[in-house]
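Only one structure is covered here, and it is reproduced in the block below.
The values are calculated or read from the model by the stated rules, or taken from the named source; none is laboratory data. Treat the numbers as computed from the prediction; the structure is a model and nothing was measured. As a convention, Cβ positions derive from the backbone with ideal geometry for all residues, glycine included, and neighbour counts pool all protein chains shown. Keep in mind that these areas ignore ligands, DNA and RNA; they rest on the heavy atoms of the full protein, side chains included. Shrake-Rupley method; radii C 1.70, N 1.55, O 1.52, S 1.80 Å.
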Amino acid sequence: MDTVTTIEEVREAVRGWRREGLSVGLVTTMGYLHEGHESLILRAAAENDRVVVTDFLNPTQFGANEDLSTYPRDFDRDRDLCENAGAALFFYPEVSEMYDADACTYVDMDALTNELCGLTRPTHFRGVCTVVAKFFNIVCPDRAYFGQKDAQQLAVIKRMARDMKYGIEVIGCPIIREEDGLAKSSRNTYLSAEERAAALCLSRAIFVGKDMVEAGERDAKAVLDAMTQIIEAEPLAKIDYVKMVNFDTIEQIDTLSGNVLCAIAVYVGKTRLIDNFIVEGIE
Ligand code: PAF
């Protein structure tokens, strides 16, 4: 695996692969990789001849009072994980490589981003779309892999790729969980031992909600009430949102039908955690 820091080095590597007729997969990350990222790289390596992993802590997707300055970093561990999972190129750019000092062009959308995380993080998805669009333009992959853990982000990027005619297949991959159910996240490292135990209220709520839907419940309020009760029973947890939306439009729904995303965001202490389940093709 080669490690590179400039856009030109990525373009040159991809040009070489294309000349040989090889397919290219892309996994974008903000570093501090865990088994969730590893599962994306393994899948990308299984489905493509070459895989590019980007490791870039993207400043434009963080709000003023968010955790950009304290976000965990571990370059050596990240690079080893990528190499062992089968990546061919590890792209680790500086902020100045990705954003010109006077950059004034962004990628944004009118729909899908005004709900869920977009409500509490109003500039977040503009930052995500902008940086992912840049990576799409730099790498020009055949396929790009994103975790379902960030389900709204997955829906947003699928829509951006469709609307902007990238011709890139955006593939969603399942949530990877700790043995006790907590969804893997780089932000789990912020949790104290007591908060780590309290954080299990998220996955408990998700499992109960999913069971209800799979057993045939179609009333969103009934499912959300049951989930809310579980989270509210945990003194260290404070709900940001517990919502049921259409997965394609990210609009709230009262009755479950079609592709449904049930998403939650909960503060455990100061750490904001998210989790979700998706049920597709409900009649
Ligand atoms: O999911 C993430 O880690 C980030 O939002 C992404 C897609 C790498 C863009 O910075």
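Computed values, structure above
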read-out	value
Test: Gly181 is free of Cβ contacts under 8 Å to residues at least 60 places away in the same chain, in a loop (DSSP other than H, G, I, E, B) and either surrounded by fewer than 18 Cβ atoms within 10 Å (Cβ to Cβ) or touching a helix residue (DSSP H, G or I) at 6+ places or on another chain (Cβ under 8 Å) (or both)	yes
Lone unmet requirement of (1) surrounded by fewer than 21 Cβ atoms within 10 Å (Cβ to Cβ); (2) under 18 Å from Gly147 (Cα atoms); (3) charged (D, E, K, R) for Asp240	(2)
The lone exception for Thr120 - which of (1) at pLDDT 95 or above; (2) of a type in the set (Val, Ile, Thr); (3) open to solvent by 30 Å² or more (accessible area, probe 1.4 Å) it fails	(1)
Checklist (1) within 30 Å of Tyr106 (Cβ to Cβ); (2) among the β-branched types (Val, Ile, Thr); (3) out of contact with any strand residue (DSSP E or B) (no Cβ under 9 Å at 6 or more places or on another chain) applied to Val208, failing item	(1)
Of all residues making up region 1-35, the number that are under 30 Å from Arg177 (Cβ atoms) and of a type in the set (Phe, Trp, Tyr)	1
Number of positions in region 133-145 that are in contact with a strand residue (DSSP E or B) (Cβ under 8 Å, 6 or more places away or on another chain), open to solvent by 10 Å² or more (accessible area, probe 1.4 Å) and either within 12 Å of the ligand (Cβ to nearest atom) or part of a loop (DSSP other than H, G, I, E, B) (or both)	2
Index of the failed condition, Gly31 passing every other in (1) modelled with pLDDT of 95 or more; (2) on the phi < 0 side of the Ramachandran plot	(2)
